[in-house]
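Notes follow once the structure below has been shown.
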Amino acid sequence: MKSLFIVPFLLLATTVSAQHSVITNYDRGDFPVVPDSVKNTTEHAVVLRRNLIVDHISDGKDMTQYLLMQVTTYLKDNAGIDQNNTVQIGVDNVDDVISVKARSISPDGKVVELTPDAFKKAKDEDNQESSLSFAYEGLVPGSMIDYVCVLKQDPQLRGNRILLQFGTPITEERFDLVGPARLVMATKSYNGAPEALTDSSDATVQHLYWVLHNVPALKDEPSSAPDANYMQVIYALDRIPDMNIKDYSGYVAATKVYHEVLYPELTSKAAKEMKGLLKDARVSYARDEEDKVRTLENYIKGHFTLRPAGAGARDLEQIAKNRTCDKIGMDMLFCTLLSQMGVEHQVVVTSDRTSMPFDPDFGNFYFLQDVHLYFPGLKKYLAPTDFDLRLGWIPGVNTDCYGLFISNYDLGGTVTGVGKVNFIPAVPDSLNADDSYAQVTLNDDASSATIVAENRLSGYFTSGLQSYYAFLNDDQRTKLHEAMLGYLIDNSTSDSVSVVNGDGALQGLKPLIFRANVVTAKLSGTAGEKRLFNIGELLGPQSEMYTDDKRKLPVSEDYERRFHRELQVVIPKGWKLINGADLAMDQHLDVDGARLLQFISTWKMDGDTLKVNIDENYRRCQLPVSLYEAYRKTVNAAADWNKLKLVLVKD
């Protein structure tokens, strides 16, 4: 929602200024000398030099931001060449590419400068320029590549992030933040990034800078969030002393902006259109408050579509008429209709915690990325622009973190917004269930099996499935059935699949159920006189985390989750099970008396029927590195069980 927040630059700009000398006098210099430590690295590539300058200037009317970026990279081997020979620079938030130069140098010292026709602009699906790309040619192991560009951008004065660490190590790095001295920036460093230093050589500017040496690579790891853990800096305009403006980018200011945008004053025609929508939605027939909210949500998500920003995308009259809007328009529509219905709600604005967790102590607009709604009377959340989810669920990456909650407050007939930072809890694992039930009857010689299976999904496991199933054609449904139950129905002698509750209106109320009747020999086998049955495969495909590499990143998952399985296998007459003890596993983690993780399987024989119960629970989205090993063992317990086979011998 960054486009919401146009800084009133006429208030900020007072004098005409060109780019500050830190950019105009910038010299890209020669290629650096490659240290022996870099030549002997096990990395495929190393960034030798990375310089960034963000320069805010005024032209007398508006504020403009210039970004200078220079990156010099040593390519040790062919893998490093393959990873770096093409460069893409995002320009979706760029007004103009002021300059761009790129060059390479071979190990024998030959420098090749890219010509202007090497730089290509690509467009996205909306026909908007999205990237500037160029490719180096003739690179060999030991080459270095270098580029420097200057981009003119819309200022992100109310909050912006600069990443200082990536999956490639950096030998030398510097970031400069420059702007008029009268505009006082606030900054905060994260994940071990150094604090800002100040260059006081020019009293007309505020010049902050960060210098880093030998920044290690931070690689992606399974169940991790590297973006959230990179060294990085957030900056935002804090105050303008000569205008007595304070906390310019804080959450109080954000509350005012969001409330004004999401609750516009309605024209008489817009009010009439909103009343008509509520009539069409039949919310007056709802039984209670929750039913009202669900009825409205299903109506809007079933009759309106999202489109890119543009004319009419945030005009409620046009939205009601055309049944389409952008994300901000959709948020406006929900807020306006809920207000018309008299349903108490709060706007919740937060960030993706796997990219940049919301910081409750450093107010700025950068953390205000995603808009949701909270209903205090129901204690449930709603995601207006996520058509895959329904009341009770918002994207998991927006939970287990903080957010800005904005309430409506009637002040003598004028409704205003009151903001407060609160915690957004994760949806408990019990509501995000993938439960499986299977009854298996082996034939007389255990060479084939008749399987009656049922898979019940709820919560996040239904995302992208339950709300769309009714709209799928036969071919699409067949492909979905194969994707969900292929581990059973592939190569089967016969099978039939049915689905229950494939209706978006039931999402969050009833589980989405896949049922299958299968006759198959794919799970059966022999070992001499013994008969084998791959009971572990009844769990379906499992994740694995078999690695001895030292873990660096904390565990990060989108949501808490539960897997419950009940399996029954009828052993044919004349055969007996000899390895039942292999089916019992117990891997768990208790912290302060609370069970956070578990994979527990139990078994027993009831006459000729083997009965197995399995409970696998992940009751935290995030875990520190110190608990990673317990998490890994729990995940691998499921993967190990997935490989188990029943061994039968003649009785």
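The values are calculated or read from the model by the stated rules, or taken from the named source; none is laboratory data. Remember, predicted model here, so these are calculated numbers, not experimental data. Cβ atoms come from the backbone with ideal geometry, glycine included; neighbour counts cover every protein chain shown. With ligands, DNA and RNA removed, areas are computed over all heavy atoms of the protein, side chains included. Shrake-Rupley method; radii C 1.70, N 1.55, O 1.52, S 1.80 Å.
Worth pointing out:
- Tensor-based shape of segment 484-545 (alpha-carbon gyration tensor, a/c under 1.5 rounded, otherwise prolate or oblate): prolate
- By DSSP, the beta bridges lying fully in the chain are antiparallel in about 90 percent of cases.
- In the context of the full set of protein chains, residues of segment 47-181 present 43 Å² of accessible surface per residue (probe radius 1.4 Å, heavy atoms only).
- In segment 291-415, one over the average inverse separation of all distinct C-alpha pairs is 15.3 Å, which is the Kirkwood hydrodynamic radius.
- Between ALA203 and ILE98, the FRET efficiency from the beta-carbon distance, with R0 = 30 Å, is close to 0.65.
- Per residue, the average separation of C-alpha pairs within less than 8 Å and at least 6 apart gives segment 458-573 a relative contact order of 24 percent.
- Normalising the average separation of contacting C-alpha pairs (under 8 angstrom, six or more residues apart) by the number of residues puts the relative contact order of segment 70-195 at 33 percent.
- When segment 389-492 is reduced to its Cα atoms, the Kirkwood hydrodynamic radius in Å: 18.2
- Computed packing ranks the peptides 544-553, 591-600, 403-412 as 403-412, 591-600, 544-553, most packed first, by mean other Cβ atoms within 10 Å.
- When each of LYS275/LYS380; LYS219/LYS510; LYS550/LYS643; LYS479/LYS550; LYS123/LYS269; LYS301/LYS633 is checked by Cα-Cα distance, pairs over 31 Å: LYS219/LYS510; LYS479/LYS550; LYS123/LYS269; LYS301/LYS633
- Other residues whose C-beta falls under 11 angstrom from the C-beta of LYS321 contribute a net charge of -1, scoring Lys and Arg +1 and Asp and Glu -1.
- Segment 23-53-segment 212-264 distance, computed between alpha-carbon centres (Å): 28
- Rg followed by Dmax, in Å, when segment 323-365 is reduced to its Cα trace: 14.0, 39
- Computed packing ranks the peptides 558-567, 215-224, 602-611 as 558-567, 215-224, 602-611, most packed first, by mean other Cβ atoms within 10 Å.
- Our coupling estimate for segment 605-620, obtained by passing each phi through the Karplus curve with A = 6.51, B = -1.76, C = 1.60 and θ = phi - 60°, is 9, 10, x, 9, 10, 7, 10, 10, 10, 10, 10, 10, 10, 10, 9, 9 Hz, Gly and Pro reported as x.
- Percent RCO, i.e. relative contact order, over the chain, from Cα pairs under 8 Å lying at least 6 residues apart: 9
- Largest-first ellipsoid semi-axes for the chain, taking √(5λ) over the Cα gyration tensor eigenvalues, angstrom: 50, 37, 22
- Modelled spin labels at LYS279 and THR416, positioned 7 Å past Cα toward Cβ, are 3.6 nm from each other.
- Separation of the LYS379 and ASN40 label points, Cα + 7 Å toward Cβ, nm: 6.1
- Think of it as helices only: each DSSP H run of n ≥ 4 in the chain is worth -39500 (n - 2.57), and spread over all residues that comes to -5000 deg cm²/dmol at 222 nm.
- Of the solvent-accessible surface of segment 118-251, computed with a 1.4 Å probe and all protein chains present, 47% belongs to carbon and sulfur.
- Sequentially through segment 374-391, phi angles give Karplus couplings (6.51, -1.76, 1.60; θ = phi - 60°) of 10, 10, x, x, 9, 6, 9, 10, 9, 9, x, 9, 9, 6, 7, 10, 10, 3 Hz, Gly and Pro residues having no value and appearing as x.
- Taken per residue, the accessible surface of segment 481-520 reaches 46 Å², heavy atoms only and a 1.4 Å probe.
- Cα centroid separation, segment 281-347 to segment 130-157: 43 Å.
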